[in-house]
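Reviewing the structure listed below.
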Amino acid sequence: MKILIVDDDRINSTILHRLLSREGHQVFSAEDGQAGVEMFDSERPELVLMDIRMPRMNGYEAAREIKRLSSDRFVPIIFLTAVTDEEGLVQCIESGGDDFLTKPFNRILLQAKIEAMERIRRLHNELHSQKEELERHQERVQQELDISQHLFSNIVRAGNLLDAPCLRHISRPMSQFNGDLLVASYNPAGGLHIMLGDFTGHGLSAAVGAMPLSELFYGMTAQGYSIGDIADEMNAKLLSIMPTRMFCAACLLEVDIRQQSLMVWNGGLPDILLVDGNGRLQQSIASYHLPLGIRPFNPDDRKVSIFELRPETRIFLYSDGLTEAIRPDNQMYGTERLEHHFDGNLLPGLLFDTILADLDMFRAGAQQTDDITLLEINCARANEEAVSGTILADLDMFRAGAQQTDDITLLEINCARANEEAVSGTTAHARQKFIPPTNWSLSFFFSPQLLQTVDPLPAVINAVMNLQAPAGHRERIYTTLAELYSNALDHGLLGLDTRTKQTPEGFMRYYTMREERLAALEHGFIRLELTHIPQYDEKQQKIGGEMHIRVEDGGPGFDHHHVHSTLEGNLGHGGRGIALVRSLCTKLAYNEAGNCADVVYRWTI
Amino acid sequence: MSGTISIARTDQETTISIKGRFNFEMHSQFRAAYQEETVDKNRNRRFVIDLTGTEYIDSSALGMLLLLREEAGTNDADIEIANARPEIRKILETANFQRLFKIT
């Protein structure tokens, strides 16, 4: 060990020097405090023996200076003192000394003290290097977390429509990563898909699971898959990647304002609350399924419940972090306290803020124990957005020939804003490779057995888009196909009457009947034929194409005359779909029997 | 702050009782409580998870129950969750765990 002796007494110093050298230490001597500090700086000893009374700088001052110079490491200082009064010894300790030895010294005692100091010094160094390693590690982890968070938020947020005017939400993650996943996006037919997922646990491990789910959500929603299909796909994904003890309680919604319907798939999330125009709780939709990622789906697991939506309806959904939030005495917020807000004493528009304020008051600063998410869907505003935003960007075309009504004026006002949405929603498709218009045709035949098992439309639209993907037309072509298809199925094959849907009870009855009749369907078919013909200008340059679509069903035909007659009143209940198709296409004609529709959809480069 | 676990075994049955908070901190304790029995899967052992004294249950605890179910033979597992107080029963039912376990 390197030992520095600071003593102005030559004899004393020499004795010590000799003694310690014999023990195998490397010894340096300084004749006063000033020289001691200088030598400490140049030789970096590991232990200092310090006299007190010395010229130039005394031992107390020198000790203070040495401690200041070695603040990052531990160098023990042992005072050599003739002083025995308590005050002198206290001063030794106060100036930074770690121990003292009274003169004349006992050799054994000196050795013992040096050894003891050496033990402390080693312990100190070990602790110090561990601390440094821990700090380095922590810094590395933090850097990785920051990068991951960047990736995470880009993946989850890309295309997220959470800023849509009809949505209000609050997400309060417990840590840097949110274990609650909240995503929203429009499907090609203009329906709003929303998903809230709550993974087991919190933080990074929970967030990692959220990434594949958000990708599936955006991808499948854009392709027109139903929320039941999306839940199925997500479940399969999570089963393949997550350990048994992790799962994701999730709720998927589809808000379709045109059909005034809400579709719900709820697996393990708290009740979804429907609140009426008076701020009163109208309906709670309880979880009906197991959470995602527990076991493979059977057909029943895809089941979606359907509810009628009124324009004044507000939908609230939340993760259990909200009702299980605790206050300092560990009491939970609870569903009762939450649902108490929906007793009709509050204006509906104030509910969201009131709930948040009440939650904060309740928690009274208590530590958060879970991620908290609350979302409100204001159907009145979803209407503006969905109608104007995705499908009817070309409002003028839709309005042509229709009587000017207050409703339509309202649409106009919101149109400017809606177009922004439409642009961001289509950027993903705009990146697709441009294929010049060519000649091709596709034909599909769907048997009752197929119609009972899957919705074939996403597959059809994907096939079309792979052959010819006119930028910005995907949603319109999808809507056209979807409306013709559902007419063929609901009215042509299943014999349902849209007028049934005009009352809330009828609305439910319509969908129950649809389900029953589809399950019992034995005969009939739907045939879909698509022919694409390129269009040329007078210089024989390709300028676009015409898509001739024929949808034929094997049913007895439906009352298309009635459908025609409702065209002008296209904001009424019945026949909205066909009116829409007429506005999007250049030609729509039914055969006399009413079971075969011919449509021409024109697009230009 | 987490709960405590006590175990009672008979020839065919293992009863695991959880007092206090059943949360992620109980993971290794809970696993240790059943692991011996699940090693030999032919024994058709019955498990009873007694929640009489359980005050709170979080999603990690639900995950532990799933893990027990898997290690006890998934669909062949005979697991009963007994005596849950109403709030906890509600949590189990929201997750629709009655389709995976016998809840009594």
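A simple rule links phi to the HN-Hα coupling: the Karplus curve 6.51 cos²θ - 1.76 cosθ + 1.60 with θ = phi - 60°, which for the stretch A:27-32 gives 10, 10, 10, 10, 8, 7 Hz, with x for Gly and Pro. Over the stretch A:79-173, the alpha carbon radius of gyration divided by the compact-protein estimate 2.2 N^0.38 Å works out to 2.35. Counts of other chain beta carbons within 10 angstrom of each beta carbon in peptide A:293-303 average 2. Based on alpha carbons, the Rg and Dmax found for chain A are 38.7, 128 Å. In terms of the Cα gyration tensor, with a ≥ b ≥ c the square roots of its eigenvalues, is the stretch A:2-127 rounded because a/c is under 1.5, prolate because a/b exceeds b/c, or oblate? Taking the square roots of the gyration eigenvalues as a ≥ b ≥ c, the stretch A:2-127 is rounded.
Apply 1/(1 + (r/R0)^6) to the Cβ-Cβ distance of A:R602 and A:D358, taking R0 = 60 Å, and write down the FRET efficiency to the nearest 0.05. All intermediate terms of the calculation are to be shown ahead of the outcome.
Working: r = 55 Å, r/R0 = 0.92.
The computed FRET efficiency comes out at 0.60.
By the beta-carbon count within 10 Å of each Cβ, the least crowded to most crowded order of A:I15, B:I79, A:I605, fewest first, is A:I605, A:I15, B:I79. Label positions at B:E87 and A:T369, each projected 7 Å from the Cα along the C-beta direction, are separated by 0.8 nm. The calculated FRET efficiency for the pair A:E43 and A:R157, based on their C-beta separation and a Förster distance of 56 Å, comes to about 0.40.
Relative to the longest principal axis of the Cα atoms of chain A, the long axis of helix A:33-43 makes an angle of roughly 50 degrees. Can you work out the base-10 log of I(q)/I(0) for the stretch B:4-103 at q = 0.22, 0.23, 0.24 1/Å, using the Debye formula on its C-alpha atoms alone? The computed values of log10 I(q)/I(0) come out as -1.21, -1.34, -1.47.
Among B:F30, A:F105, which comes first, second and so on when ranked by fewest other beta-carbon atoms within 10 Å?
Values: B:F30 22, A:F105 16.
Ranked by crowding around the Cβ, least crowded first: A:F105, B:F30.
The ranking of B:K19, A:K501 by Cβ neighbour count inside 10 Å, starting from the fewest, reads B:K19, A:K501. Between B:Q12 and A:L518, how high is the FRET efficiency from 1/(1 + (r/R0)^6) when r is the Cβ-Cβ distance and R₀ = 56 Å? Nearest 0.05. Plugging the Cβ-Cβ distance into 1/(1 + (r/R0)^6) gives 0.75.
Could you give the alpha-carbon Rg of the stretch A:158-380 over 2.2 N^0.38 Å, rounded to two decimals?
Expressed relative to 2.2 N^0.38 Å, the Cα Rg reads 0.97.
Amide H contacts of A:G544: A:Q535, A:I605, each under 5 Å away and 5 or more positions distant or on a separate chain (H built 1.01 Å from N in the peptide plane; Pro and chain starts excluded). Using a simple spin-label model with pseudo-atoms 7 Å out from Cα toward Cβ, A:H340 and A:A459 lie 5.4 nm apart.
What percent do you get for the relative contact order of chain B when only Cα pairs under 8 Å and 6+ apart count? Present the calculation step by step, with values, prior to reporting the outcome.
Numbers: 170 pairs, mean separation 27.3, N = 104.
26 percent.
Were the residues from A:R68 through A:L134 laid out at 0.36 nm apart, the gain over their Cα-Cα distance would be 21.3 nm.
Axis angle, to the nearest 10 degrees, between helix A:227-241 and the longest C-alpha principal axis of chain A: 30 degrees.
Principal-axis analysis of the Cα atoms of chain A puts helix A:59-69 at an angle of about 30° to the longest axis.
Read-outs throughout are calculated quantities, based only on the coordinates presented, and are distinct from any laboratory measurement. Just so you know, these numbers come straight off a predicted model, no measurement behind them. FYI the Cβ positions are ideal-geometry reconstructions off the backbone, even for glycines, and counts take in every protein chain you see.
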